[in-house]
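Below is one structure, written out as structure tokens, with a few remarks after it.
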Amino acid sequence: MASDDAVLYARQAAPFLGVPVETVRRLARRGEIPSFKMGTDWRFSKEILHRWFEEQRAGARPGTVLVVDDDPLVLRAMSRMVERLGYRAQVATDGVEALELVSRNVPDVILLDMAMPGMNGAEFLDQLRPAHPDLPVVIVTGHPDGVLVHRAAQHAPIMLLTKPADRTQLERTLRTVLGNPPRASRAERTG
């Protein structure tokens with residue numbers, strides 16, 4: 001078997017994709033990632049996995065914003081603002097869910113809360129940056145001078161918005177990172 005056709009185990013595929021090994025296994029169980037099961041664990045063709053990863057990246061729509069916050073009211077308000085500004089919003093309630101979403105479809109920018117249970121924003125960046133070193137992240141926090149923000153700052157590029165972020169601040173930030181959103185087609189506006 002040529003080195004390009006190498007078979008990876010789940011724990012080898014995880015760093016290749018830049019996600020935790022449990023995320024790789026969960027995606028395999030759901031049939032969302034090309035894999036096959038041998039014995040008690042999943043296996044992946046390195047070549048097929050690489051092709052799948054590139055297709056996932058290429059399939060991301062311009063203007064996709066991942067909003068990560070454990071507060072459902074903040075999550076809903078931020079995602080609505082993002083959509084009203086003409087961008088596509090994805091949501092995650094914690095860092096683990098956000099990493100899973102990124103592994104399936106890399107967004108154009110992430111709006112990230114810092115203080116979350118389980119995996120906080122700084123820990124999320126620790127996991128995200130090896131695979132996505134240049135993905136823009138905007139930290140949205142009520143504690144801009146907090147320890148987590150200082151720890152997260154080592155994972156540049158990042159920007160900072162203080163909570164509560166208003167529509168004007170969010171719009172200016174997203175346009176700086178993404179530019180103007182594409183105009184919706186007539187079918188999307190009426191459909």
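FYI, it's all coordinate maths here, none of it is from the lab. Keep in mind that what you see is a predicted model, and the values were worked out from it rather than measured. As a convention, Cβ positions derive from the backbone with ideal geometry for all residues, glycine included, and neighbour counts pool all protein chains shown.
Some values worked out for this structure:
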item: Count - residues of the range 8-23 that are in contact (Cβ under 8 Å) with a residue 60 or more places away in the chain and surrounded by 16 or more Cβ atoms within 10 Å (Cβ to Cβ); result: 5
item: Strands (runs of 3 or more DSSP E) wholly inside the range 25-135 that include at least 3 residues being surrounded by 14 or more Cβ atoms within 10 Å (Cβ to Cβ); result: 41-45, 64-68, 88-92, 109-112
